[in-house]
1. Only one of 89, 72 is within 19 Å of residue 59 (Cβ to Cβ) and touching a residue at least 12 places away in the same chain (Cβ under 8 Å); which?
2. Would you mind telling me which numbered condition in (1) under 26 Å from residue 158 (Cβ atoms); (2) modelled with pLDDT under 90; (3) assigned to a loop (DSSP other than H, G, I, E, B) residue 86 fails?
3. Before we move on, is residue 42 touching a strand residue (DSSP E or B) at 6+ places or on another chain (Cβ under 8 Å), in contact (Cβ under 8 Å) with a residue 24 or more places away in the chain, surrounded by 11 or more Cβ atoms within 10 Å (Cβ to Cβ) and in a loop (DSSP other than H, G, I, E, B)?
4. Got a sec? Which of 94, 99 is under 23 Å from residue 42 (Cβ atoms), in contact with a strand residue (DSSP E or B) (Cβ under 7 Å, 6 or more places away or on another chain), modelled with pLDDT of 90 or more and surrounded by fewer than 18 Cβ atoms within 10 Å (Cβ to Cβ)?
5. Consider residue 56 against the criteria (1) surrounded by fewer than 14 Cβ atoms within 10 Å (Cβ to Cβ); (2) over 21 Å from the mean Cα position of the chain (by Cα); (3) outside any strand (DSSP E or B): it satisfies all of them except one. Which criterion is unmet?
6. Give the residue that is farthest from residue 98 (Cα to Cα), with candidates limited to residues of the stretch 124-147 that are touching a residue at least 24 places away in the same chain (Cβ under 8 Å) and touching a helix residue (DSSP H, G or I) at 6+ places or on another chain (Cβ under 7 Å).
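The values are calculated or read from the model by the stated rules, or taken from the named source; none is laboratory data. Fair warning: this is a prediction, and the values are worked out from it, not measured in the lab. Because the Cβ atoms are built from the backbone with ideal geometry, glycine has one as well, and the counts that use them run over all protein chains shown.
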């Protein structure tokens, strides 16, 4: 009974037009396009973390062969809330937002202009060291999340564009 049901489901899904973004694996159009994206330096510790995460995820190709340039501007903010009666903060929110532009390296035209961001809650404890460590851990996690969002958006852009040079 399950065999015909699975066959029918497979036929229905094959006609819906969905296809994997990374179809073809490392030799596919999207992976090939992402390999030729260079990431401009980004200011600050958060910038270094985001840039490193982007380079890891993009699988950047040979030096000097970039067809695209990724420009990223970050806004890293820590806001205190959860105030006690003695005006001390009990909770913080760290927010990391990125505005990024994918630029055609040869023409200098902006192909994609978008934003990504994420935030994390941090408990403020009596140990200043523990609070600073929690803030740094949050920044590392947020950097990876923002990089994942950017690469996912670039992959969708690459899969929809006709350019697979």
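1. Only one candidate passes the filter, namely 72.
2. (1)
3. In short, yes.
4. None of the others qualify; the one that does is 99.
5. If we test residue 56 against (1) surrounded by fewer than 14 Cβ atoms within 10 Å (Cβ to Cβ); (2) over 21 Å from the mean Cα position of the chain (by Cα); (3) outside any strand (DSSP E or B), just (2) comes out false.
6. This residue is 124.
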